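Data first, discussion second: the structure below is written as structure tokens.
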Amino acid sequence: MTDHDTAEDQLEDLPLDALPLDAWHRARGARMVPFAGYEMPIQYAGPFGGIVAEHKWTREQAGLFDVSHMGQLHITGEGAEAALEAVLPIDLATLKHGNPRYSLLLDENGGVLDDLMVTRWNDGFYLVVNGATKWDDIAHLREHLPDEVTISHMDEHALLALQGPKAFAALDRLVIGDTPLGALTFMKGATFTFTHTGTDAWVSRSGYTGEDGFEISLPADAAAEVADLLCAEPEVKPIGLGARDSLRLEAGLPLYGHDMSPETSPIEAGLIFGINKRRRTEGGFPGAERIIREINEGTQRKWVGLRIEGRLPAREGAEVFSGSDHIGTVTSGGFSPSLGAPIAMAYVASTHAAPGTALEVEVRGKRLAAIVSPTPFVPHRYYRGS
Amino acid sequence: MRYFTDEHEWIDVEGDVATVGITDYAQGQLGDIVFVELPAVGSAVEKGKDAAVVESVKAASDVYAPITGEVTETNGALEEDPALVNSAPEGEGWFFKMTIADAGQLEGLMDEAAYKDFVAGL
């Protein structure tokens, strides 16, 4: 019995680093696997452990994810705003204090180097980038930002995500801030304090599961006691990377390095919302020429959802056909615990990208029937205010 | 008599028929199994070569034939309920039955005690 290699397994053979919560995960029976240069929990032991149980728990209750492998950067200094606009297709004039916004790090050809969240803080900008790309991102930003702009890697900070319909109820019991936690709607953030431990944390109402929830940035040395506090709430259980992947797939959210890369443009990937409106006409960001052209003229291929007949999942790399024509490739795929059926995301020729189009996906020489499906596969349940 | 491979397959020999599955340790490593692809009845399988594929939520994993022979029967119950591999890996969650081309190949496999030690050392 041997697992087929996946891209993250091949990522690197370098020695792995431990996350701030390494011992905390192991004490909960986590199976640790290499990911983004760290040993990370893929799933936990116990009656609520395992990818399917953890997935369903998050959809029904609240799951605590350790995403401390991600890069947290603090960008400060004179001219930081204009300098960031020169490297990102973002409109910072419309970004209010505390609100995270999705953006993209692009190369000169408009290929995607990373996707990230940008938040305006009082003294600059807070960026959250992918773990596997953070060192390259820092190097890229250092090269392209002027010397007066400082990039601080907040590597003394951990990042937790609390996700699920009960996330608010659980967190609301534990924190106090200048405004009630309930004042945070989707894609807003503020500082809150965990009253039991006195830990200050940056909390935003955001996440990667399609559920309501929060992302919590806090000092690494307080992460274990805060994780304990959260998991002492009856709604909260720790959730591993395995369910994180199946949850984001159901939510139709792309994973960098799989669904997008320097070989894909954000327009092909359906990430036009990452190119802010003013920048679509003004340009002035890396790859603007190609991206503005693609916005106006369309792309040869599009990233779409596929529902696959039967129970056999089609995974990353599976080829997509229309009759005998090879028209695309799966970039993420697996079994949806919520739907009880395989789902996938794929780049397909734009001529075959309309929802309802019947296609086939090849898995180990077998052709599986697939239908282009709107995403998300499972509706988002973000909290936008009552 | 039940034998085990270092790839976490088990093979149960009764007369000239052998039943093959994956071990409890293997199912625990794979997690929730959502699909099992079994070899065709009548197909030849070769010791150490791919015989079946197990799909968990996360990944596809190959299952190898512990010995060489011909597949005589497959476990149809896995089509309806692949989770049997999780709940009863060394019983109802069996994969296929096969002939034994060369009984000598069994000698290279582990018995239950040896496999237990092998897993304890992982």
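Things worth noting here:
- A cut-off under 11 angstrom between Cβ atoms defines the neighbours of A:W24, and their net charge, with Lys, Arg +1 and Asp, Glu -1, is -2.
- Averaged over the residues of peptide B:54-66, the number of Cβ atoms from other protein chains lying within 10 Å of each residue's Cβ is 6.
- Cross-link reach list, lysines versus B:K49, counting only Cα pairs under 20 Å and skipping chain neighbours closer than eight places: A:K366, B:K97
- Summarising the amide proton neighbourhood of B:S56: residues at separation of 5 or more, or on other chains, whose placed amide H is nearer than 5 Å comprise B:V34, B:S61.
- Cα-based reach from B:K116 at 22 Å (exclusive), listing lysines while leaving out same-chain residues under 8 positions away: B:K47
- Descending principal axes extents, chain A, alpha-carbon based, whole Å: 63, 53, 48
- Net charge, A:A269 excluded, C-beta distance under 12 Å - Lys, Arg +1, Asp, Glu -1: -3
- Greater than 23 Å apart at Cα, pairs in A:K166/A:K237; A:K134/B:K58; A:K56/A:K96; A:K134/A:K277; A:K56/A:K237: A:K134/B:K58; A:K56/A:K96; A:K134/A:K277
- Centre-to-centre, using Cα atoms only, the stretch A:279-316 and the stretch A:121-144 are separated by 24 Å.
- Here the Kirkwood formula puts the hydrodynamic radius of the stretch A:293-386 at 13.7 Å, using every distinct Cα pair.
- Relative contact order (%) - the stretch A:160-307, alpha-carbon pairs under 8 angstrom, separation at least six: 18
- Over chain A, Cα pairs under 8 Å with separation of 6+ residues give a relative contact order of 17 percent.
- Relative contact order of the stretch B:2-103, taken over Cα pairs closer than 8 Å and 6 or more residues apart, is 32 percent.
- Summed residue charge, Cβ within 15 Å of A:D137's Cβ, Lys/Arg positive, Asp/Glu negative: -4
- Helical content alone sets the calculated 222 nm signal of the protein assembly as shown at -5500 deg cm²/dmol, taking -39,500 (n - 2.57) per DSSP H segment of four or more residues and averaging over every residue.
- ³J(HN,Hα) computed for each position of the stretch A:158-174 - Karplus, 6.51 cos²θ - 1.76 cosθ + 1.60, integer Hz, glycine/proline x: 9, 9, 10, 10, 10, 10, x, x, 9, 4, 4, 4, 5, 5, 4, 6, 10
- Cleavage-rule hits (GluC sites (Glu not before Pro)) in the stretch A:148-226: DSSP loop, at most 13 neighbouring Cβ within 10 angstrom: A:E148, A:E156
- Chain B: radius of gyration and largest Cα-Cα distance (Dmax), Å: 13.2, 37
Values in this text are rule-based calculations from the coordinates and carry no lab data. Just so it is clear, the model here is predicted, and its values are computed rather than measured. Using ideal geometry, Cβ is built from the backbone for each residue, glycine included, and neighbour counts are taken over all protein chains shown.
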